[in-house]
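Heads up, the thing below is written out as structure tokens.
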Amino acid sequence: MPSLVQQYRQWSRFLTAKRLVNMVLLYLSYHASRWLKRPLVWGLPSSIAIEPTTSCNLRCPECPSGLRSFTRPIGMLQPTYFSQMLQQVAPHVGYLTFYFQGEPYLNPNFLDMVAEADRLNVFTSTSTNAHYLTSTIAKRTIESGLQRLIISIDGTTQETYQQYRVGGTLSKVIEGTKQILHWRKELKSQTPEVIFQFLVVKPNEHQIEEVAMLAAELGVDDIWYKTAQVYDYEGGNELIPTIEKYSRYRRQANGRWTIKNKLLNQCWRMWQSCVITWDGAVVPCCFDKDASYKLGHIGSADAGKRPFKDIWFSQPYQDFRQNLLIGRSQIDICKNCTEGTTVWVD
């Protein structure tokens with residue numbers, strides 16, 4: 001994971017005076033809320049994740065999209081709807097992640113939406129399984145102005161890779177990476193920053209050093225080792241790595257497993273960011289994968305929807321923050337959360 005100094009250098013041109021003041025207000029109100037044990041919110045989110053689609057070509061075992069287990073609708077974010085949302089959030093949002101669930105490149109309008117956000121001077125990032133990075137799409141990715149491209153690569157051999165990325169082909173990931181790097185050089189662009197993300201699980205932990213060598217060989221800018229979220233962890237799980245520092249979970253003396261997070265009654269994400277699904281539902285964070293906590297829908301009042309600002313300061317949102325400040329461990333989506341514990345390992 002890049003240092004705070006590196007991140008600041010990457011984001012500095014996106015920090016307008018208005019966005020910077022907003023971030024300071026968020027920070028102050030968050031700490032005041034922790035102290036008073038009641039939610040005070042003096043700014044709007046500085047970072048938002050918007051979901052291009054819930055569709056995915058793979059069947060990863062711990063992913064609702066891969067398992068086809070959503071109870072919410074499957075669909076694609078439409079460009080007109082995205083434009084309406086973007087106009088509302090761009091003045092205060094400096095960092096926009098085009099990802100929640102699903103594979104972003106399956107949305108045929110994805111790169112057009114990235115380009116629109118870039119024109120409004122918003123830092124854009126996405127995460128992909130890289131199966132659709134043909135030469136043409138790679139070139140368009142560079143031209144879109146995308147700032148950061150995270151490529152999931154959870155193995156250095158097909159045998160290992162497919163144990164988690166079920167239905168995936170490692171050679172496509174490597175070829176897609178090469179196409180991106182080729183066109184970035186060809187177009188003399190500094191962006192996107194290309195990052196390999198290695199989700200450490202027991203089947204691939206023996207390839208941690210190998211994937212670093214592969215990243216260096218290809219010329220990837222950085223590699224992030226991410227700890228894996230496991231749903232059924234209390235009794236143990238075959239995906240939990242044996243290397244302790246790469247695990248979100250710890251085995252107890254009684255043989256049961258627990259998350260390392262102490263689940264303190266605080267969460268910066270509830271002040272600094274949120275997630276918007278493809279159909280405009282605002283949910284608290286990326287751990288609400290099935291959008292169980294819908295705090296509102298963005299849109300016109302005649303359709304039963306509301307402006308984003310109204311949702312952010314609404315009573316339901318404040319009630320959620322209040323519940324978190326007095327009993328975070330009682331909120332089901334928080335029980336497997338990494339806020340307050342290590343997620344990334346350098």
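The values are calculated or read from the model by the stated rules, or taken from the named source; none is laboratory data. On a predicted model such as this, the values are computed, not experimentally measured, just so you know. Here Cβ is always computed from backbone atoms with ideal geometry, including for glycine, and neighbour counts include all displayed protein chains. Only protein heavy atoms, including side chains, enter the accessible area calculation; ligands, DNA and RNA are left aside. Shrake-Rupley method; radii C 1.70, N 1.55, O 1.52, S 1.80 Å.
Under the convention that each Lys and Arg Cβ holds +1 and each Asp and Glu Cβ holds -1, the size of the dipole of the chain around its Cα centre is about 1000 debye. Derived value for segment 31-127: Kirkwood hydrodynamic radius 15.0 Å. Basis is the mean of 1/r over every pair of different alpha-carbon atoms. A Gaussian network model of the chain, with springs between Cα atoms under 10 Å, assigns the largest mean-square fluctuation among 187, 58, 44 to 187. The helix-based estimate of mean residue ellipticity at 222 nm for the chain, built from -39,500 (n - 2.57) per DSSP H run of four or more residues and divided by its residue count, is -10000 deg cm²/dmol to the nearest 500. Taking 0.36 nm per residue of separation and subtracting the Cα-Cα distance, full extension of the segment from residue 292 to residue 119 would add 59.0 nm.
Taking label points 7 Å from Cα along the Cα-to-Cβ direction, residue 31 and residue 13 give a separation of 3.1 nm.
Ordering 55, 171 by accessible surface, largest first, gives 171, 55; the 1.4 Å probe counts only protein heavy atoms, with every chain in place. When a 1.4 Å probe is rolled over the protein heavy atoms, the share of accessible surface on the chain that falls to carbon and sulfur comes to 53 percent.
Considering only 219, 176, 235, the Gaussian network model of the chain with Cα springs below 10 Å gives its largest mean-square fluctuation to 235. Ordering 76, 113 by accessible surface, largest first, gives 76, 113; the 1.4 Å probe counts only protein heavy atoms, with every chain in place. Of the two radii for segment 175-333, the radius of gyration is 1.07 times the Kirkwood radius, both from the alpha carbons; that is the Rg over Rh value.
If R0 is taken as 56 Å, the Cβ-Cβ distance between residue 109 and residue 254 corresponds to a FRET efficiency of 0.65.
Rolling a 1.4 Å probe over the heavy atoms of the protein chains gives segment 1-120 an accessible area of 47 Å² per residue.
Using heavy atoms of the protein chains and a probe of 1.4 Å, the accessible area assigned to residue 150 is about 20 Å². In the elastic network of the chain, a GNM with C-alpha springs shorter than 10 Å, the most mobile of 167, 43, 94 is 167. For residue 148, neighbours were defined as the other residues whose beta-carbon sits under 11 Å from its Cβ, and their charges (Lys and Arg +1, Asp and Glu -1) total -3. Only protein heavy atoms count here; under a 1.4 Å probe, residue 112 has an accessible surface of about 80 Å².
Using the Cβ-Cβ distance between residue 221 and residue 338 with R0 = 25 Å, the FRET efficiency computed as 1/(1 + (r/R0)^6) comes to roughly 0.60. Volume of the convex hull of the chain (Cα atoms only), normalised per residue: 135 Å³. The label-point distance for residue 143 and residue 83, in a model that sets each label 7 Å from Cα toward Cβ, rounds to 1.9 nm. Counted by Cβ distance under 9 Å from residue 298, the other residues give a net charge of +2, where Lys and Arg count +1 and Asp and Glu count -1.
Shape of segment 45-203 from the C-alpha gyration tensor: oblate (a/c of 1.5 or more and a/b not above b/c, with a ≥ b ≥ c the square roots of its eigenvalues). Heavy atoms of the protein chains alone define the surface here; on that basis segment 193-242 has 43 Å² accessible area per residue at 1.4 Å probe size. Accessible area per residue was computed with a 1.4 Å probe on protein heavy atoms; residue 268 scores about 80 Å².
Using the Cβ-Cβ distance between residue 232 and residue 318 with R0 = 45 Å, the FRET efficiency computed as 1/(1 + (r/R0)^6) comes to roughly 0.85. Each part gets one Cα centre, and for segment 240-314 versus segment 18-56 those centres are 13 Å apart.
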